[in-house]
Structure formats: C-alpha cells, structure tokens
Amino acid sequence: MARTRVRFAPSPTGPLHMGGVRTALYNYLFAKQRGGDFIIRIEDTDSHRFVPGAEEYIIEALRWCGIIPDEGVDMSTGKVVETPSEKHPHAPYRQSQRRAIYREYAERLVRDGWAYYAFDTPEELDARRKEAEASKQTFIYNHITRTELRNSLTLPPQETARLLEETTGWTVRFKMPQDRVVAMDDLIRGHIEVNTDTLDDKVLWKRADELPTYHLANIVDDHLMEITEVIRGEEWLPSLPLHYLLYEAFGWTGSMPRFAHLSLLLKPDGKGKLSKRDGDRLGFPVFPLKWVNADGEVSRGYREDGYFPEAFVNMLAFLGWNPGDDRELFSLPELVEAFSLERVIRSGARFNAEKAKWYNKEYLRMKPASELAGMLEPVLAGEGISLPRDYVEKAVETVRDRATFVQDLYTAAPYLYQAPSEYIQKDVDKFWKEENVEMAGDVAAFIGEGNVSSQAIEDYIRSREWPMGKVMNTIRLALAGSASGLGIAEILSVIGPAEAARRFTAAREALG
C-alpha cells in the first residue's frame, strides 16, 4: 500500500480559526497513526484576500499546539519551504510559487474537451444575475446558460484566438457534463450521489493574475504531492463532485485520494458556525493565538488567555470525535494511538467554553508543582514579588485545586505570597471587634508556639468555649485581609507560624 500522506492547506487570509486547527490536528493524528507524512501547503491563490502575517501566524499556531509537519515547513526557521530537497521533494509548498504548473493543466483540460475559455466580463455576468433576479430566478453558469454566453463554445475559433491574445480578463471554466450522476464515497459520510445538472461550470484558472482557483490547484497539487487522503471541512463537500470529475478528466482516478469531510464547529448557543463574533459576545477566544488586524483590533488567543497547548489540543480533539469509552484526557501521543475517522461524528460539534476551562484545570492539576512554580514566577515578578522556589512550590500545592489557569495560582490566594496591605471593610466591620481580637490574639500566640493544625486550633478554641466562627474569621482577616478564602491551617502550612504572628500584629496596628 502507498505510504499515507495527508496535507493541511490553509489560506493566509487571516488568523487560523480553532476549526482550522482541528482540521490540521485530525490530519496529523491520521498520518502519525499510520506512520505517514503530514504536509503543510499554503494555498495563497486568492491574491485579493491575502493578509500579511497570516502565514507566519498559521505556522506559529501549529507549532504551539505541537502539530509539527513532516514537509512544507522548515521548523528550524518556521518558513515555508521554497526549494526542493530530499526532505522536501515537492517544494515549493506555496501555491503562488507554483503558478507555472497550473496553466499547463488548465490548457490540457481545454484540449481534451473538459474545459473551455470564457470571455464574459464581470459587468456582463452581473447583468445576467440581475435579469434572473427580476424573474425571481437564480443565474447559474451551467450547461444551459453557457450556450448563450461569450466563450470558446459559442464563438468562432478566430474570435476565440483573438480574445485570448488581446484580452486579459478571460478564464478557463470546467465543462460540467450534462445529466450525469457522480457517485462518491466519503470516509465519514458514506456514499453520496449528485446529478451534474445541479452544478455550475466553475472557474479553474484566471488570466488576469495567471493563478488557478482552489479547485484546480488543490487537485493538481494533491496529485503531484501523492496525497492519499484529503481530510477537510464540510464547506468543501459541495465541491466534491467537481473534484471527482477533475480526477477523471486528468486520467488520475487510479491514484485519487480518499476524502473525509469534517463537520462544523457550532456556536455554544443557537444555530450556526462558531465565529469570532460569538467569542466576542460570550467572552472566549476562537483563535489559538492573539491576532492584531490591520486596524489595530485585537482578537484574544488561547495561548495568551493562559491555556496549556496540550489542554487546547485535547479539547479540540473531542469536538467531533470520541474514543468510544469514558476517557477524556489524552496526551498528543495517546490521541495518535486512539484516533480513527470511523469515530468522527457527522453532525456539527457544539463548542462549550466551560468545558475548555475544565480541560485546562485538569491539566494544571496534573502538572508537577515545580513546573507550575516556574510558570508562576513571571506572574509574581509582575507583582513585585520574589520568593524562594521551594516556597512558591508549597503555595502552588496548596492552592492548585482552586485554579484553572497559572495566573489563578496567585489571584486565588495572593496572601500566600505577600502579607495583606488592605483589609476588606465589610469583614472588618463584622469581625474586627474588641472581644474577637482579644480571643484571636490568644489563638495567634498559641499558633506562634507551632500549633498549626486545624484540629489543634479548633480544640484550643473549644476548650475555652469561645465562638468558633467569630474567632476563626478574625484570625483569617488578619492573615489574608479577608474573612473568606483558604482554611487557616492551609494558610499556615505555607506562611508558617512566625509570619502568622507578624501578620496579626500588623493587623492590630492597622485596624486598632
């Protein structure tokens, strides 16, 4: 059997949506499970929609996720490969640099009767559309209308030759066969049949910029790059009949790849595809990394929001796939081992922002305290705090169950890292009363003697028949600046009895 070769072929028209990352991930998992190759190919044939920086963003986003290509990108430089080599035999991998290839194949289709030259101007086609709309119909360039339009099928050969020579607005269109059923098989959706009378004559190549459209370029490149499976989004499913026919037209049906069309990622509420607007509206990112557009508008990214890449990847894998059992936490190698297209669902996968946070929380809980402490130190430095690593590790162990993101290890209990400089006024009004402070002072002295367990502190308070809640909340207010938060014994296990005594004294001086 042929070596498995799959490709992810994004267009550099903006930041990579998380749905695009999922497509790349599924391609990567499929290839790695079979010991095959995962290829990145940049489909930049739409010159009008090209966005500077988008290509670099795509590569960096995949690198952050650990989705590393075997071909297409030199990961030592992060650049798309332009020159063929032993490792990158099919370079260049940027379609704009392969433009000379496509015209040859477009002309071949014309010669073999599978395509024709079309000379209609945008104004002429727009007029036909408006005419159809006036009659409450839809204009389609197909086997009926092409007989009424300006193309090499209706014009004399001499006029066709003149227009090819003297004008630059013409295109090559596919000549869709009339009344033919195209039978196709999809690895996810099963058998599909479509009658060609429902399809239009798509543009394959444009003389104006001498670039192909997606339809021609992806077929030619997939063939030349020996792609064995095409795993892509369901938005390309309507184009599948055309792509089948193009393989037939070129005589490549024997090497045609198998196709799999992935379902959409759906918005958390309502109907429709997940979009940036949904993220802005509901407060979550839809891009893997932060993106700043030409107008300076900033779009949030999972990386900058504090998500671990492995949690993000794990979450994405389950948006449309499941392993067939109750497991939810998978490393990337474990996903490679477990993944199968047979368990990819046909229906859309609804995104759940809370589930994304759950994944991150679970990965945070699994990480060693030493690793988390290293990640937290820049956060502490930003607050002007410098502490010994072993102290930070102890604090991390104490507070990790309350954290979802690394920054939460500080914000969930900042009093573990520095003494409070302010006290919550409502708690002061409620608990910092003379009789409470006197009782709490005795308990603080007891703690200062090294009695830091919950049981010992509670037994001491009960033995004197003092009100447990008032005394404990007064002590916590002195230690943490608030009557709520971690248990006193948890705080003491980090700051120690000597620091506790200092904090109680400081509270008395500040609050009286």
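Bear in mind that the values in this text are calculations on the coordinates, not laboratory data. All values reported here derive from a predicted model rather than from experimental measurement. Cβ: placed from backbone, ideal geometry, glycine included. Neighbour counts: every protein chain shown.
Hydrodynamic estimate: the Kirkwood radius of the chain over Cα pairs, inserted into Stokes-Einstein at 37 °C and 0.692 mPa s, corresponds to D of 119 µm²/s. The simple Förster model, with R0 at 56 Å and r as the Cβ-Cβ distance, assigns residue 328 and residue 429 a FRET efficiency of 0.80.
Here the chain is treated with +1 on each Lys and Arg Cβ and -1 on each Asp and Glu Cβ, and its dipole about the Cα centre works out to around 560 debye. In segment 56-93, which residues have a backbone nitrogen under 12 Å from the label point lying 7 Å from residue 100's Cα in the Cα-to-Cβ direction? Of the residues in segment 56-93, 92 have backbone N under 12 Å from the label point off residue 100. Using the Cβ-Cβ distance between residue 13 and residue 179 with R0 = 51 Å, the FRET efficiency computed as 1/(1 + (r/R0)^6) comes to roughly 0.90. So for segment 425-511, taking the charge dipole from beta-carbon charges (+1 Lys/Arg, -1 Asp/Glu), which of 481, 497, 441 sits furthest toward the positive end? Sorting the options by dipole projection puts first 481. Kirkwood analysis of the Cα pair distances in segment 115-253 returns a hydrodynamic radius of 16.6 Å. With both labels modelled 7 Å from their Cα along Cα-to-Cβ, the residue 83 to residue 386 distance reads 4.7 nm.
Dipole check for segment 1-75: with +1 at the C-beta of Lys and Arg, -1 at the C-beta of Asp and Glu, and the Cα centre as origin, the magnitude is about 440 Debye. For segment 1-41, the residue among 39, 16, 4 whose Cα projects farthest onto the positive side of the dipole built from Cβ charges is 4. Estimated from helices alone, the mean residue ellipticity of the chain at 222 nm is -13500 deg cm²/dmol (sum of -39500 (n - 2.57) over DSSP H runs with n ≥ 4, per residue). Highest mean packing first, where packing is the average number of other Cβ atoms within 10 Å per residue, the peptides 8-21, 177-190, 329-342 line up as 8-21, 329-342, 177-190. The share of C-alpha pairs in segment 367-413 whose separation exceeds 16 Å stands at 22 percent. DSSP beta bridges fully contained in segment 98-262 are about 75 percent antiparallel.
Normalised by the number of residues in the chain, the average gap of Cα pairs under 8 Å and 6 or more apart makes the relative contact order 11 percent. If the segment from residue 111 to residue 455 were pulled out straight at 0.36 nm per residue, it would be longer than the present Cα-Cα gap by 114.8 nm. With a simple spin-label model that places each label point 7 Å from the Cα along the Cα-to-Cβ direction, the separation between residue 138 and residue 468 comes to 7.1 nm. For segment 425-511, the equivalent ellipsoid built from the Cα gyration tensor has semi-axes of 17, 15, 12 Å, listed from largest to smallest.
Counting only DSSP beta bridges whose two residues both lie in the chain, roughly 60 percent are antiparallel. In the frame of its principal axes, segment 280-357 has Cα extents of 44, 26, 22 Å, reported largest first. Quick check: from the Cα gyration tensor, does segment 15-129 come out rounded (a/c under 1.5), prolate or oblate? Note, shape of segment 15-129 comes out prolate. Taking a straight Cα-Cα cut-off under 23 Å and skipping sequence neighbours fewer than 8 places away in the same chain, the lysines within cross-link reach of residue 290 are 79, 267, 273, 276, 355, 357, 361. Length gained on full extension, residue 68 to residue 33, computed as 0.36 nm times the residue gap minus the Cα-Cα distance: 11.2 nm.
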